[in-house]
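Inspection log for the structure reproduced underneath, given as structure tokens.
Taken together, the values in this text are just the output of simple stated rules run on the coordinates, not laboratory data. Note that the structure is predicted; figures quoted are calculated from it, not measured. Cβ atoms come from the backbone with ideal geometry, glycine included; neighbour counts cover every protein chain shown.
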Amino acid sequence: MDEEPERAKRWEGGYERTWEVLKEDESGSLKATVEDILFQAKRKRVFEGHGQVRLGMMRHLFVIIDSSRSMEDQDLKPNRLTSTLKLMEFFVEEYFDQNPISQIGIITTKNKRAEKLTDLAGNPKKHLAALKKVVDSTCVGEPSLYNSLNVAMQTLKHMPAHTSKEILVIFSSLTTCDPANIYELIKTLNALKIRVSVIGLSAEVRVCTILTRETGGSYNVILDESHFKELLMLHVKPPPASSSSECSLIRMGFPQHVIASMSDQDAKPSFSMSHLDSTGEPGLTLGGYYCPQCRAKYTELPVECKVCGLTLVSAPHLARSFHHLFPLEAFQETPLEEYEGERFCEACQGELKDKSVFTCLACKKVFCVECDLFIHDTLHCCPGCMQTDRTS
Amino acid sequence: FRLNIEGLLVYFPTLDAKGHGVLEMPSGTGKTISLLSLIVAYHKAYPLEVTKLVYCSRTVPEIEKVVEELRKLMDYYAKQTGAKNDFLALALSSRKNLCIHPEILHANIVVYSYHYLLDPKIADLVSKELTKKSVVVFDEAHNIDNVCIDSMSVNITRRTLDRCQTNVETLQNTISRIKETDAAKLREYRRLVEGLKEANVARETDMYLSNPVLPDEILQEAVPGSIRTAEHFVGFIKHFLEYLKARLRIHHVVQESAPQFLKDIYEKVCIDRKPLRFCAERLRSLLRTLEIADIADFSAITLISHFATLVSTYSKGFTIIIEPFEDRTPTIANPVLHFSCMDPSIAIKPVFGRFQSVIITSGTLSPLDIYPRILDFRPVTTASFTMTLARTCLCPLIVGRGNDQVAMTSKFETREDFAVIRNYGNLLLEMSAIVPDGIVAFFTSYIYMENIVASWYEQGILENIQRNKLIFIETQDAAETSMALEKYQEACENGRGAILLSVARGKVSEGIDFVHHFGRAVIMFGVPYVYTQSRILKARLEYLRDQFQIRENYFLTFDAMRHVAQCVGRAIQGKTDYGLMIFADKRYARADKRGKLPRWIQEHLTDGSLNLTIDETVQLAKYFLRQMAQPFRQEDQLGLSLLTLEQLQSEDMLQKIAQIAQQA
């Protein structure tokens, strides 16, 4: 009996694909295929992201994961929940890689309630551990958009104004069970300058459209798993900082990493301050990072000092966040037919096959679509320009 | 809008040829604005050819929408030409801003309800002075034949007769009172002998729109002697009333034609045909003479007099049915005399005859050829447009079977079938889980809906559905329904999601639009055939067969499908909107049903979406909804469904449009 629905779904999967192909044939020349629109949207986002806008460097992001009954749907394999959590793990890693001095928190919602899984923190390990734990939990009842937004808001509203306050909702259900009028909450969120974005797993829901429009976030609905990943990765990149967010100088500590060896006589093993909130075994370690202000010891960065509240980062962290302030300018797009020159990409040395090529405005080097995306999303500097810099 | 341009190209010959047209255009594509702008432009170019536009719509909100569009158009004109326009537009919507004709005479554009033009009682007051060179547009005209028929039909119950009785008594009292005080006043004699010469002269000189209740022959003749004086006339009416009362005292159904009725009335109470024919006119004259201000009080007697005139004037196209009780309550005696018009062309004939161009338009007019046939006119143009879309924003699916392969149908023999009801329930349950926000479901009748919902409740399906969405039900009570609608919209708005269960032909199916999230899916449970056991309908079908060679089945299917089209059309209002259309009955897959859907729905109905099971439907719907949720901006439409000015002027685009127009 248990196997029965599983088999039915597999059969439908095959059915779905054949139809997909048919669909595109029929749409003919009149209707632009969705893939085309999607490609353009992708490009557009790259452009939008790379205008001369200020991007938030310090982000406080709450991710709300719907774990209602609808997450058991098997249209993502093996089911929506597992698939989402897997992608979330990836997302958390990427997020901290790109935004080292930012923080993240995770909230789940089911059975009309919202539950805070992890509080805002800058340490990926804790989040990953929490996410792994959720996989086995059951999905029941309806989600409550109101309750979960409210939980996130209670924490975010105390965050300083120079940080970018964001909520990302992964919404699988098509319904929400709210204790009060959600439109009031949306107004409050808007006043607090909290940006709410939604990724829908099934279809466009009106209340999410309004929520994201009012708070300045984005609203996307996934097509399949790879599209889901793509959408999720869009949120790795920091959003443009709102012009009204205040600029202020922030005190930051750059602790020295002290390495001590057992052979050193002066070295005394000590506890890290971070064991205070972790339930795991507190371990005695020798070396670590010492807060330049109060000498509290930490084993990992970045972290907010438990004693004096100073933000402790390492210089490479800051440098990595720095590129968000000076994004690489968008490359110029030209159709392949109009491009005259050698037909291979400067970066990957592959043949230019896509319908358009991208030229760096500074060094006039040419790149393919994939490399263009890679350069802008990951490298944040043009390899062509780097080369010319060195040679000159 | 690209559609507009195609439309304009097709209208032109209509206006040029001074003929009539039938046009079908999907709703929300700017049908109204394109018609308005074209006619206004035509008027500007040839002010002598077209002097006036009469725009008829169905309901008050629709009229208001037209006025709003018109205002935008005028603003645009003012902006483009810089000149102040000298247009006077007039909207007659509700009773409170009803106006009297001098103003209409001067207005260039008049917007009002159908009834002002079709219903002989009101048309006489409002519309008779419209000039011949007007262009008349009937919008939302898919039901125009029924409007025509209603305006010419009379239903007489015992209550009508009782009220008429009191009317007669009041008249009598007034007459005797006036007689005492002012006998001279009652000397209408002269005028009556002169006949209705005045009206006749007017009609011959073509000043008035002719009234179908006032046939030509009457105008030629003088009012017969037997009803010339007021007392005699009242006595005559009394006689007639007694006769009707006697006729209503029956125990079995009687159906007869107008001549039969006249013969019977002559034999029983010696009332001749001739005086009957003058009843309506005579009563009007009497009421005017007596200076009775409140005509509304005399509605009953006016009704009876109209009946008398109609029954004696038209020997064809009408039938009289006397039923001793209603079909639903065969034990309670409630005799009704239906004097029912079977030929819609009678009421609309003067309109077609008088105005140089009459355009009938609606979102759903398929099949187009049937309208000219039943309304008896010869259109210069008939065209059906489809939407030119940048994306496929509607998804019609025909669900024919449940997952257990049992055929889904509301066919009479199987409608009580447990499996069919369960499958319908499963369909709604599955859809409620995957369609966001609002779903509107239509049943074929109130009784059928009640049965099904009760059965779903017993099977626990209702409970499951409620986990996904709230359920609201349309009832026959208008207040209750509007309350349900309001709550339904609220639930859609705040993300809870809701299902509205309603009835095809009910209030919801006509005139209430479910834009965007208020209607992401429409489900039609069954084919909404009209109740075929009704005697009036039977008589009408017979008439259609005899007079227009339209087979009963053809007409019934046509009638059912136009209601289906209306219902599912509620969900799509414009190009940015999207929605699922689910036809849950295997009979929809047949060519005779499918072929009667409007072209703009048909073209999206592929072979792959016929006779689906519930599972397949769910898969297709899921895919569709995800596609539609992808960002959609205006630039994507450019060049496809939107044209910029430059594109419009380019040569090859013009050619392309001309080509499409030719095909249409």
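Bin by bin, in steps of 10 Å, what percent of the Cα pairs in the range B:335-435 do you find, going until the bin that has the longest distance?
Calculated P(r), rounded to whole percents: 11, 23, 18, 26, 19, 3.
Fewest Cβ neighbours within 10 Å first, please rank A:MET273, A:MET386, B:MET408 accordingly.
A:MET386, A:MET273, B:MET408
Using a 10 Å cut-off around each Cβ of peptide B:463-474, what is the average number of partner chain Cβ atoms that fall inside?
That average works out to 1.
Starting from the Cα-Cα distance between A:LEU373 and A:GLU333, subtract it from 0.36 nm times their residue separation and give me the gain in nm to one decimal.
On the way: separation 40, 0.36 × 40 = 14.40 nm, distance 1.23 nm.
So the chain would gain 13.2 nm between A:LEU373 and A:GLU333.
Is there a pair in B:LYS263/B:LYS507; B:LYS79/B:LYS575; A:LYS116/A:LYS229 whose C-alpha atoms are over 32 Å apart, and which pairs would that be? Could the numbers behind the result be given before it?
Numbers: B:LYS263/B:LYS507 41 Å; B:LYS79/B:LYS575 26 Å; A:LYS116/A:LYS229 23 Å.
Over 32 Å apart, Cα to Cα: B:LYS263/B:LYS507.
All other residues with a Cβ under 14 Å from the Cβ of A:PHE96 taken together, and with Lys, Arg as +1 and Asp, Glu as -1, what is their net charge?
Once positives and negatives cancel, what remains is 0.
Sum up the charges of everything whose Cβ sits under 15 Å from the Cβ of A:ILE194, counting Lys and Arg as +1 and Asp and Glu as -1, but leave A:ILE194 out.
Details: positive: A:ARG59, A:LYS157, A:LYS165, A:LYS187, A:LYS193, A:ARG195, A:ARG213; negative: A:GLU166, A:GLU184, A:GLU214.
Local charge sum for A:ILE194: +4.
How high is the FRET efficiency from B:ASP417 to A:CYS385, r the C-beta distance, R0 51 Å, rounded to 0.05?
Efficiency for this residue pair is about 0.10.
Work out the FRET efficiency for B:TYR448 and A:ALA161 from their Cβ-Cβ distance, taking R0 = 35 Å, and round it to the nearest 0.05.
Details: r = 61 Å, r/R0 = 1.73.
For R0 = 35 Å, the calculated efficiency reads 0.05.
Taking the number of other C-beta atoms within 10 Å as the exposure measure, put A:HIS380, B:HIS338 in order starting with the fewest.
Details: A:HIS380 15, B:HIS338 19.
By the 10 Å Cβ count, ascending: A:HIS380, B:HIS338.
Alpha carbons only, please: Rg and Dmax for the range B:424-579, in angstrom.
17.0, 55
Going through the cross-link list A:LYS86/A:LYS193; B:LYS316/B:LYS349; A:LYS268/A:LYS297; B:LYS133/B:LYS349; A:LYS110/A:LYS157; A:LYS165/A:LYS187, which pairs have a Cα-Cα distance over 21 Å in this structure? Can you show the working numbers first?
Details: A:LYS86/A:LYS193 30 Å; B:LYS316/B:LYS349 15 Å; A:LYS268/A:LYS297 12 Å; B:LYS133/B:LYS349 16 Å; A:LYS110/A:LYS157 23 Å; A:LYS165/A:LYS187 15 Å.
Those over the limit are A:LYS86/A:LYS193; A:LYS110/A:LYS157.
Principal axis lengths of the range A:54-236 from Cα atoms, whole Å, largest first?
41, 37, 26
Would you work out which of B:LEU500, B:GLY402, B:GLN547 lies farthest towards the positive end of the dipole of the range B:394-632, given +1 charges on the beta-carbon of Lys and Arg and -1 on that of Asp and Glu, about the Cα centre?
Of the options given, the answer is B:GLN547.
Using a/c under 1.5 as the rounded threshold, could you call the range A:164-241 rounded, prolate or oblate? The axes a ≥ b ≥ c are square roots of the C-alpha gyration tensor eigenvalues, and prolate needs a/b larger than b/c, oblate otherwise. Could you put the intermediate results ahead of the total?
Details: a/c = 2.58, a/b = 1.20, b/c = 2.16.
Because a/c hits 1.5 or more and a/b fails to exceed b/c, the range A:164-241 counts as oblate.
Using only atoms on other chains, find how many Cβ atoms lie within 10 Å of each Cβ of peptide B:618-629 and report the average. Spell out each step's value before the answer.
Details: counts 1, 7, 4, 1, 6, 7, 2, 6, 12, 8, 4, 12.
Mean inter-chain Cβ contacts per residue within 10 Å come to 6.
Ranking B:SER305, B:SER285 by Cβ neighbours within 10 Å, fewest first, what do you get?
Numbers: B:SER305 26, B:SER285 18.
In order of increasing Cβ crowding within 10 Å: B:SER285, B:SER305.
Where Lys and Arg each count +1 and Asp and Glu each count -1, what net charge lies around A:GLU214 among other residues with Cβ under 11 Å from its Cβ? All intermediate terms of the calculation are to be shown ahead of the outcome.
Values: positive: A:LYS187, A:ARG195, A:ARG213; negative: none.
My count for the surroundings of A:GLU214 gives +3.
Averaged across A:193-206, how many Cβ atoms of other chains sit within 10 Å of each residue's Cβ atom? Intermediate values should be presented prior to the final figure.
Working: counts 0, 0, 0, 0, 0, 0, 0, 4, 1, 8, 13, 11, 8, 12.
Mean number of neighbouring Cβ atoms from other chains: 4.
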